[in-house]
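Written below as structure tokens is the structure these notes are about.
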């Protein structure tokens with residue numbers, strides 16, 4: 001059950017406030033502060049002490065025909081901040097896991113997130129990805145691999161300010177980032193589909209990855225050679 005709402009990143013606010021428009025007319029100076037909601041920062045609010053807990057499930061299809069399903073909890077906690085060699089401050093996110101039905105968090109890794117007036121850049125397993133691009137706009141596209149050495153992969157922002165529902169939970173204002181949208185309707189090659197959904201004043205609420213390879217020379221279409229389905233759903237958030 002949700003507990004409280006999160007707040008904007010103070011560092012990012014200071015960066016954006018440097019962009020205020022100063023207009024001089026008839027000797028008068030008017031300062032117009034930027035609208036953070038119009039810019040889109042509310043879709044990734046993070047400050048020290050914020051945490052999010054996700055129900056996580058992985059279904060793995062093995063070459064021998066067996067299927068393995070793993071279910072567990074993941075907790076992400078904004079633990080510290082550090083200034084990197086490029087001069088930018090990043091928030092360090094402790095990543096914890098626990099079995100379902102028991103609260104016994106074990107720390108697995110540390111990710112880092114940089115939120116500036118242009119992007120949200122997440123460092124996952126020492127590789128940076130551009131998760132969001134500001135300002136948020138319907139059908140906006142950007143290279144999610146712009147900050148790493150991988151081949152360019154263009155993300156697209158859709159369903160801006162739309163409601164989003166899963167299980168018994170509903171979110172009034174969300175956006176969806178489509179990272180990969182390769183679905184084979186004939187089921188003879190592969191499915192490669194990835195999305196992340198962000199809710200205003202909450203952050204990431206849903207992540208889905210589907211990577212399935214189909215048998216191309218089987219009599220019946222749709223037979224899976226191997227692959228996986230990975231899904232995370234937000235179930236709790238707050239501040240410690």
| request: Please determine, by comparing only the residues of the range 76-92 that are free of Cβ contacts under 8 Å to residues at least 24 places away in the same chain and part of a strand (DSSP E or B), which one is surrounded by the most Cβ atoms within 10 Å (Cβ to Cβ). | output: 92
| said: Return the residues of the range 148-168 that are assigned to a strand (DSSP E or B), in contact (Cβ under 8 Å) with a residue 12 or more places away in the chain and more than 14 Å from residue 133 (Cα to Cα); say none if nothing qualifies. | reply: 159, 161, 162, 164, 166
| What tally of residues in the range 58-75 results from selecting those that are crowded, with 16+ Cβ neighbours inside 10 Å and under 19 Å from the mean Cα position of the chain (by Cα)? | 3
| request: Quickly run through the range 150-171 and pick out the residues that are loosely packed, with under 13 Cβ neighbours inside 10 Å and either closer than 25 Å to residue 55 by Cβ or modelled with pLDDT under 95 (or both). | output: 163, 165, 167, 168, 170
| request: Being crowded, with 19+ Cβ neighbours inside 10 Å and touching a helix residue (DSSP H, G or I) at 6+ places or on another chain (Cβ under 8 Å) is the filter here, so list the residues in the range 201-218 that pass it. | output: 203
| Any chance the range 117-140 includes a residue that's more than 22 Å from residue 197 (Cβ to Cβ) and surrounded by 12 or more Cβ atoms within 10 Å (Cβ to Cβ)? | yes
| request: Examine the range 158-168 for a residue that is closer than 17 Å to residue 181 by Cα and touching a strand residue (DSSP E or B) at 6+ places or on another chain (Cβ under 6 Å), and state whether such a residue exists. | output: yes
| note | When every residue in the range 105-147 that is outside any strand (DSSP E or B), closer than 20 Å to residue 52 by Cβ and in contact (Cβ under 8 Å) with a residue 24 or more places away in the chain is compared, the one nearest to the chain's Cα centre (by Cα) is 136
| field | Residue within the range 35-49 that is assigned to a strand (DSSP E or B) and either under 30 Å from residue 159 (Cβ atoms) or touching a residue at least 60 places away in the same chain (Cβ under 8 Å) (or both) present | value | no
| Among the listed residues 55, 96, which satisfies the condition of being buried (at least 16 other Cβ atoms within 10 Å of the Cβ), under 15 Å from residue 232 (Cβ atoms), within 22 Å of the chain's Cα centre (by Cα) and in contact (Cβ under 8 Å) with a residue 60 or more places away in the chain? | 55
| more than 20 Å from residue 40 (Cα to Cα), in contact with a strand residue (DSSP E or B) (Cβ under 8 Å, 6 or more places away or on another chain) and either assigned to a strand (DSSP E or B) or at pLDDT 95 or above (or both), is that true of residue 174? | no
| task | Take residue 37 and decide whether it is under 16 Å from residue 198 (Cα atoms) and either modelled with pLDDT of 90 or more or surrounded by fewer than 16 Cβ atoms within 10 Å (Cβ to Cβ) (or both). | result | yes
| remark: Flagged in the range 183-237 as at pLDDT 95 or above and on the phi > 0 side of the Ramachandran plot, in numbering order, are 201, 203, 227
| message | Regarding the range 78-90, can at least one residue be identified that is touching a helix residue (DSSP H, G or I) at 6+ places or on another chain (Cβ under 6 Å) and under 22 Å from residue 49 (Cα atoms)? | response | yes
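Would you confirm whether any residue within the range 181-193 is outside any loop (DSSP other than H, G, I, E, B), in contact (Cβ under 8 Å) with a residue 60 or more places away in the chain, within 17 Å of the chain's Cα centre (by Cα) and surrounded by 14 or more Cβ atoms within 10 Å (Cβ to Cβ)?
No: zero hits.
The values are calculated or read from the model by the stated rules, or taken from the named source; none is laboratory data. Since this is a predicted model, take the numbers as computed values, not measurements. No Cβ is skipped: glycine too gets one built from the backbone with ideal geometry, and neighbour counts run over all protein chains shown.
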